[in-house]
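Okay, structure first, notes after.
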Amino acid sequence: MFIKYLKIEDSDQTVRELEFHNGINLIVDETVNIANTETGNNVGKTTVLKLIDFCLGADPKIIYTDSENKKEIDLVKDYLVNKKVLITLILKEDLNVKKSKEIIIERNFLSRKNKVMRINGKNLNKSEGRDFENELDKFIIGERSESKPSFRQIIAHNIRYTDERVNNTLKVLSTFTSLAEYETLYLFLFGITTTDRSKIFKKISTEKEFKRRIEKKQNKNELELSLAMIDDTISNLEMKKRTLNINYNYDTDLNNLNETKYQISNISSKISELSLRKKIIKEAEAELIANKSDIDLKQLKMIYNQASKNMENIQKSFEDLVKYHNNMIIEKIRFITQDVPEIESEIAKLQNYLKELLSKEEKLATKIAKSDTFKDLEIIITELNENYQRKGEIENSLSQIEEVDKKIALLDEEIRGIDEGIFSEKFKEKIKNQLKEFNKYFSQVSNELYGEHYGISFNIKADKRTGKDIYVFDSFNANSSSGKKQGEILCFDLAYILYAESQEIPVLNFILNDKKELMHVNQLIKVSEFIKDKNIQLIFSILKDKLPDSLDKKENIVLRLSQKDKLFRIENRQN
């Protein structure tokens with residue numbers, strides 16, 4: 001499949017029409033020794049390659065995004081969108097056969113219902129471009145049972161303008177591509193049909209990553225040990241809950257205890273008051289008794305007789321006076337102490353009642369002290385809920401891990417079944433034979449262009465992501481000379497087209513390469529001579545001052561660009 005035609009048109013006019021041919025097709029930047037001071041492309045020579053890639057399913061952002069700083073170039077994007085730029089690419093099965101099959105591809109830079117993604121007139125602008133890519137795959141690669149490698153992966157080595165592809169022979173996909181995907185790609189490219197293991201490896205990798213995240217805080221063993229500990233805690237809490245001595249009259253008993261204590265305090269106060277009253281009476285009695293006359297009556301009588309001689313009309317005898325005095329004191333004592341029996345009786349009653357209250361207090365206090373409250377039950381229930389919640393979380397994690405382990409085991413079993421065939425001696429021999437056939441072309445091309453013999457080899461290595469064995473393909477220089485990486489890459493791409501045609505493997509017959517100024521002038525001339533009689537189309541972008549004079553001919557150049565005439569001619573319109 002060759003590139004026949006590329007057209008750029010906007011809402012006003014056709015901007016560019018490029019017709020391609022067999023052999024070498026050059027896109028020349030005629031600006032000599034001018035530093036690239038503009039963002040993105042200088043004049044658009046690389047953009048031509050990107051537009052072809054865009055028509056083959058690449059993201060539209062590659063056209064208006066700076067490849068170095070990844071910033072969008074507003075001038076270009078606004079033009080592509082506002083002017084409704086449409087890109088048309090025509091692929092042809094054989095440029096020398098007029099009626100050979102053609103594929104007309106059309107794309108624009110609009111979105112949603114205004115998006116154009118047409119193939120032979122059929123718009124496939126849904127499913128985020130998957131239908132579009134699948135249709136390209138069907139037209140170019142043909143019907144196939146496996147969806148991997150993808151169409152974009154298969155054609156990656158044909159389109160080299162990014163640093164990764166310009167500088168690597170085989171590692172032409174993104175940096176995130178797994179070894180398993182490369183295995184699938186190169187087995188397909190070398191014509192070896194097998195079950196795509198990369199999908200299974202991807203599933204295994206996804207499951208292992210999921211398991212890793214589950215076990216981020218605790219691994220399976222730690223989770224199982226934690227679960228055992230939680231089960232023990234739950235068992236102990238359940239036992240404690242069952243053995244709780246719940247006093248359903250706790251509040252009543254507590255109120256009774258408080259009331260009893262109040263009564264005890266009140267009775268004790270009354271007893272204290274009565275005892276104090278009794279004490280005061282007894283003290284008064286003792287004082288009165290102390291005032292009772294017991295003086296020396298003979299001496300007092302002598303004094304009384306002497307006084308009576310000097311006083312007339314004393315009618316009472318001294319004895320009568322003493323007797324009267326003492327009787328008065330006795331009467332006072334009797335009056336004061338008449339309440340003591342009643343006080344003592346009251347104190348006795350109160351003390352008996354106090355004993356009853358103290359006994360009641362002791363019983364209530366003991367009962368309450370041995371009781372578990374509803375608050376105790378609530379605390380246990382809260383702890384149980386927390387532990388059951390944590391148990392559920394751990395069991396869920398363990399269940400997920402077990403489920404993941406089962407899935408991984410099934411995938412491993414599936415892989416083992418495939419591996420029995422893929423890593424058999426017969427299969428290895430088949431790969432070896434296909435590489436021998438390819439290396440004939442690779443060695444022939446590299447020898448003719450560079451005087452060296454390049455080849456492709458394979459090894460079996462363990463994939464770091466999955467731990468599974470993978471076929472890893474690599475290039476080698478049989479003569480172990482240095483340099484010429486660019487040459488090796490070009491030789492590989494040329495050799496692959498020749499090999500694929502010999503093996504009847506669907507292939508794009510064109511090679512898009514950027515930065516060919518890095519290639520030595522002599523090699524560029526040799527390459528153009530080498531492909532003259534072969535079904536190969538080279539589309540190179542190159543600086544004018546790096547272009548050999550022998551190639552600076554109209555038949556070799558499909559587009560000349562300069563600072564005054566850039567690809568989209570946006571600046572020309574603004575001036």
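Coordinate-derived values only; no laboratory data. The structure presented is a predicted model; accordingly, all values stated were derived computationally and were not measured. Virtual Cβ from ideal backbone geometry, glycine too; neighbours counted across all protein chains shown.
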Point-charge dipole on Cβ atoms (K/R +1, D/E -1) for the chain, about Cα centre, debye to 20: 960 debye
Top positive-direction residue, dipole computed over the chain with Cβ charges, set Leu179, Phe427, Asn513: Asn513
Unsatisfied cross-links (Cα-Cα over 29 Å) in the set Lys216/Lys375; Lys426/Lys464; Lys70/Lys532; Lys84/Lys485; Lys99/Lys526; Lys50/Lys92: Lys216/Lys375; Lys70/Lys532; Lys84/Lys485; Lys99/Lys526
Dipole axis of the chain (+1 Lys, Arg; -1 Asp, Glu on Cβ), positive-most option in Thr233, Leu257, Ile154: Ile154
At R0 = 41 Å, FRET efficiency that the Cβ-Cβ distance of Ile460 and Lys84 yields, to 0.05: 0.20
Estimated [θ] at 222 nm from DSSP helical runs (n ≥ 4, -39500 (n - 2.57)) normalised by residues in the chain, nearest 500: -18000 deg cm²/dmol
Modelled FRET efficiency - R0 60 Å, Glu386 with Phe176, Cβ distances, 0.05 increments: 0.90
Table column - 3J(HN,Hα) (Hz), the range 50-55, Karplus curve with 6.51, -1.76, 1.60, x for Gly and Pro: 5, 5, 5, 4, 4, 5
³J(HN,Hα), Karplus 6.51/-1.76/1.60, whole Hz, each residue of the range 392-400, x for Gly, Pro: x, 5, 5, 4, 5, 4, 5, 5, 5
By average C-beta atoms within 10 angstrom, highest first, the peptides 527-533, 261-267: 527-533, 261-267
Using alpha-carbon coordinates, inclination of helix 340-369 to the longest axis of the chain, degrees: 20 degrees
Distance between modelled label sites at Lys138 and Lys432, nm, 7 Å Cα→Cβ extension: 4.1 nm
Positive-end residue of Val85, Ile104, Phe20, charge dipole of the range 1-114 with Cβ unit charges: Ile104
Cross-link reach list, aspartates and glutamates versus Lys406, counting only Cα pairs under 19 Å and skipping chain neighbours closer than eight places: Glu207, Glu209, Glu215, Glu224, Glu395, Glu414
Cα-based helix-to-principal-axis angle, 220-242 vs the chain, degrees rounded to 10: 30 degrees
For the range 484-496, 3J(HN,Hα) per residue [Karplus equation, 6.51 cos²θ - 1.76 cosθ + 1.60, θ = phi - 60°, Hz, x = Gly/Pro]: 6, 5, 4, x, 4, 4, 5, 4, 4, 5, 5, 4, 5
Amide H contacts of Leu543 (H built 1.01 Å from N, under 5 Å, at least 5 apart or other chain): Asp29, Glu517
Relative exposure of Ile415, Ile27, judged by other C-beta atoms within 10 Å (fewest first): Ile415, Ile27
Set of lysines with alpha-carbon distance to Lys349 below 26 Å, sequence-local pairs under 8 removed: Lys261, Lys270, Lys278, Lys279, Lys282, Lys360, Lys363
Size of electric dipole in the range 128-192: Cβ of Lys, Arg +1 and of Asp, Glu -1, about Cα centre, debye, nearest 20: 220 debye
Burial ordering of Cys55, Cys491, fewest other beta-carbon atoms within 10 Å first: Cys55, Cys491
Charge context of Leu410, other residues only, Cβ under 12 angstrom, K/R +1, D/E -1: -2
Rg ratio (alpha-carbon, reference 2.2 N^0.38 Å) - the chain: 2.26
Rough spin-label spacing in nm, given labels placed 7 Å along Cα→Cβ, for Thr337 and Asp565: 14.9 nm
Cβ-defined net charge surrounding Leu179, 11 Å radius [Lys, Arg +1; Asp, Glu -1]: +2
Residue pairs, from the table Lys115/Lys148; Lys199/Lys436; Lys101/Lys534; Lys115/Lys138, whose Cα atoms sit over 24 Å apart: Lys115/Lys148; Lys199/Lys436
Order of Thr382, Thr260 under a 10 Å beta carbon neighbour criterion, fewest first: Thr382, Thr260
Chain lengthening between Lys485 and Asp469 when straightened (0.36 nm per residue, less Cα-Cα): 2.9 nm
Cβ-Cβ FRET estimate between Ile525 and Lys199, R0 fixed at 45 Å, reported to 0.05: 0.50
